[in-house]
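Peer 1: Quick one: structure below, then a few questions.
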Amino acid sequence: MGKLTLRIHKTSRLISLTSLALQAILSKIQATQMSINASSSRMIRFGVFEADLVSCELRKHGIRLRLSEQPFQILAILLGKPGQIVTRDELRTSLWHRDTFVDFDHGLNNAIMRLREVLGDSSENPRYVETIPKRGYRFISPVAEIVSDATTAEVLTSSAAAQNSAAIPSVLEPDFSNRQNPQDLHRTWFTVPRVATITVLLVLGVTATVRYIQGVNGGAIVTEKSTSLVVLPLENLSGDKDQDYFADGMTDDLIANLAKIRSLRVISRSTAMAYKGTRKPLSSIAAELKVDAVVEGTVMRVGNNVRITAELVQVSTDHHLWADTYESPMGDVLALQNKVSSAIVDEIRINLTPEEKERLAKNPAISPEAYENYLKGRYYWNKRSEEGLKKGIEYFQRATEKDPHYALAFAGLADCYSIIGSAIIGSVPSLEVAPKAKAAALKALELDKSLAEAQTSLATVSFNYDWDWAGAASGFQRSIELNPNYATAYQRYSLYLMAMGRPQQSLVQMNRARDLEPLSISTNFSLGWRLYMAHQYDQAIEQLHNTLEMDPNFALPRMVLGQAYAQKGAFAQSITELQKAASFSRNSPPMLGALGHALAAMGNRAEAERVLAQLHELSKKQYVSPFYIATIYAGMHENEKALDCLDKAYTDRSNAIIFLRVDPEFDALRSNPRFQSLLHRLNL
């Protein structure tokens, strides 16, 4: 019993000592907190705004506003010298370390623009921040410093600012002058017995403190992982508008690099480009696209050197997580892009697979001439016109000649050949371009089997021209596995599913593509076309009207809109839309075929025959797929003539006929034995 009593006594003493130690710790924490609170009460009031220079918060009528770090730093500096000119050099010295290599002018201009947006100010009629041309900025509104332990606040006007500017802190750090001597706290800690309980408390306390500091120190740690982002078009700073293609190409490549990371959702190029030249607040862009983070920046090309300045903003906090500048010769531009991508991934704490880490660590070299031709090829490919595709082929070929190991250039060449020979263009025979498309796609895969673009290109050839349905399906699925953010893979896989007579599954894939490309005109049109093919005419009409709001002169959505109206029997609206489509496309075969079918279906045979004659005349000057002539005969109920033309289209390998299983314009022929035989030959 004596030993037990002694143990209990020792335990009680240990608990007592622990309690005293905790009280000492709490006392020191409270004293420090009181000191911090006293120093944290400095606030500057101007107009309806209050700026807390310690917590770096801006409020309007007491409501906290979102203002990112650099704009707030500029505001604090200007508030420190009300009525005085703060030069751009002063701002540069305050905001950027001497050794930091950034595009200062662009960064400062953007920060001032965002500050004015939040304040509701303007450069033309400033109420707060006045621009002094070629010198700097001046804060012109009366300001007041508010001190919480004082009964009155000292009011500073612009005229008195020079005398009183020292009263307002000009840096974003709290005043530590009233805090206890750190040595006092140090001595207090070491008077506490070294017992296990206190050690655990210290470890926990240090861990919590480190985590807290990491959480507030420059945004290096993001509390909620950013899993989606958009790369806004990089601004061309070369001063030469002819170099826009280069800036756009660098944007494309950065998007493509990030899109290959499976755990990251990246908005596609076509949607990102919709924001080119706009000055919307980043928060608005992020809300529209439903993303967590935004990447923006500039690109400058001087001679054979390239400089990228990029910045990552976490939208939920409007905090600038990271900004840096990278420079390299043109031959190392792919490695440069990998560095930028790696930096972004590091900041948003995305878990990478070993393959992704290996890819980003690579330092591939490329011929500068090949890269430049590749960028020009992509620039013209993105126009999706016959003229653009022909120029794209020319530039991609040059790129492959300059660098025979450039897989992306071969993939781009395959895409151009695939599209220019498809029914959507309708001016080049499939049999002429299909072998070229296949050869280029196979070469791209030979060079890089992990390239989603190459997998998609080959699957497109299998689908459009080889009619190898199993090969096409596996190719599209493999492409999606390689790059879950590649919208084109979902879009073309959706085409395959529609041709197979699986419209609902097709719409699922198409909606996934639109999630990645919400502002893409092409993607929104494609969704409308699939709704039409799925015989969902009302939904198709609504979607196509939405698409035309983006571009009223886009012929393809007008064509399908006219076709949908025709299926509903609204022939007046149908003919109006189809005539516009024919006009916008300069009477291309697909548009004339759709117009002739609608005229025939409404009973206007004379006009339908006139359009039919127009197509026959056009066929003497260029290739016209027999499929479009078949659509007019189908509208006239000339079934045998329609089937004769479809047989010719089959012989031509025209990819338009692969949708016969679902195409509404041929619904009346479905029970015809010849039509069923054709579907059988197509393995549909």
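None of the figures in this text is laboratory data; all of them are computed from the coordinates on show. Here the structure is a predicted model, which means the values were calculated and not measured. Virtual Cβ from ideal backbone geometry, glycine too; neighbours counted across all protein chains shown.
Peer 1: May I ask you to compute the full-extension gain from Thr87 to Glu549, defined as 0.36 nm times their residue separation minus their alpha-carbon distance, rounded to one decimal in nm?
Peer 2: Extra length from Thr87 to Glu549 when fully extended: 161.8 nm.
Peer 1: Using r as the Cβ-Cβ distance of Asn683 and Lys357, and R0 as 56 Å, what FRET efficiency do you calculate, to the nearest 0.05?
Peer 2: 0.85
Peer 1: Okay, moving on. Report Rg(Cα)/(2.2 N^0.38 Å) for segment 349-462, keeping two decimals.
Peer 2: This ratio for segment 349-462 stands at 1.11.
Peer 1: Here is a follow-up. Sorted by average packing, counted as other Cβ atoms within 10 angstrom per residue and highest first, what order do 578-585, 608-615, 381-388 take?
Peer 2: 578-585, 608-615, 381-388
Peer 1: Suppose R0 equals 60 Å; then what is the FRET efficiency for Asp644 and Glu369 from their Cβ-Cβ distance, rounded to the nearest 0.05?
Peer 2: Calculated value: 0.75.
Peer 1: What distance in nm separates the simple spin-label points at Ala439 and Ala287, each placed 7 Å from Cα in the Cβ direction?
Peer 2: Rounded to a tenth, the inter-label distance reads 5.4 nm.
Peer 1: To the nearest µm²/s, what D does Stokes-Einstein give for segment 285-358 at 25 °C and 0.890 mPa s, using the Kirkwood radius over alpha carbon pairs as Rh?
Peer 2: 180
Peer 1: Now for a separate question. For segment 536-670, what mean projected area does the convex hull of the alpha carbons give, in nm²?
Peer 2: 7.7
Peer 1: A further question on this structure: What does the charge count around Leu321 come to, taking other residues whose C-beta lies under 9 Å from its C-beta (Lys +1, Arg +1, Asp -1, Glu -1)?
Peer 2: -2
Peer 1: Moving on to the next point. Once you list every other residue whose beta carbon is under 13 Å from the beta carbon of Pro552, what net charge do they have if Lys and Arg are +1 and Asp and Glu are -1?
Peer 2: -1
Peer 1: Based on the mean of other beta carbon atoms within 10 Å per residue, what is the order of 407-413, 132-138, 341-347, most packed first?
Peer 2: 407-413, 341-347, 132-138
Peer 1: Sticking with this one: What percentage of all Cα-Cα pairs in segment 281-409 are separated by more than 27 Å?
Peer 2: Value for segment 281-409: 34 percent of Cα pairs lie more than 27 Å apart.
Peer 1: If I take R0 = 35 Å and measure r between the Cβ atoms of Arg610 and Ala668 in this structure, what FRET efficiency does the formula 1/(1 + (r/R0)^6) give, to the nearest 0.05?
Peer 2: In this case the efficiency is close to 0.95.
Peer 1: Please give, to one decimal in nm, the separation of the simple spin-label points placed at His61 and Asn109, each 7 Å out from Cα toward the Cβ.
Peer 2: 3.4
Peer 1: If you don't mind, another one. In nanometres, what is the gap between the two model label sites at Glu124 and Lys383, each 7 Å from Cα along Cα-to-Cβ?
Peer 2: 3.5
Peer 1: Let me ask something else. At 0.36 nm per residue, and after removing the present C-alpha to C-alpha distance, how many nm does the segment from Glu432 to Gln504 gain when stretched out fully?
Peer 2: 22.6 nm
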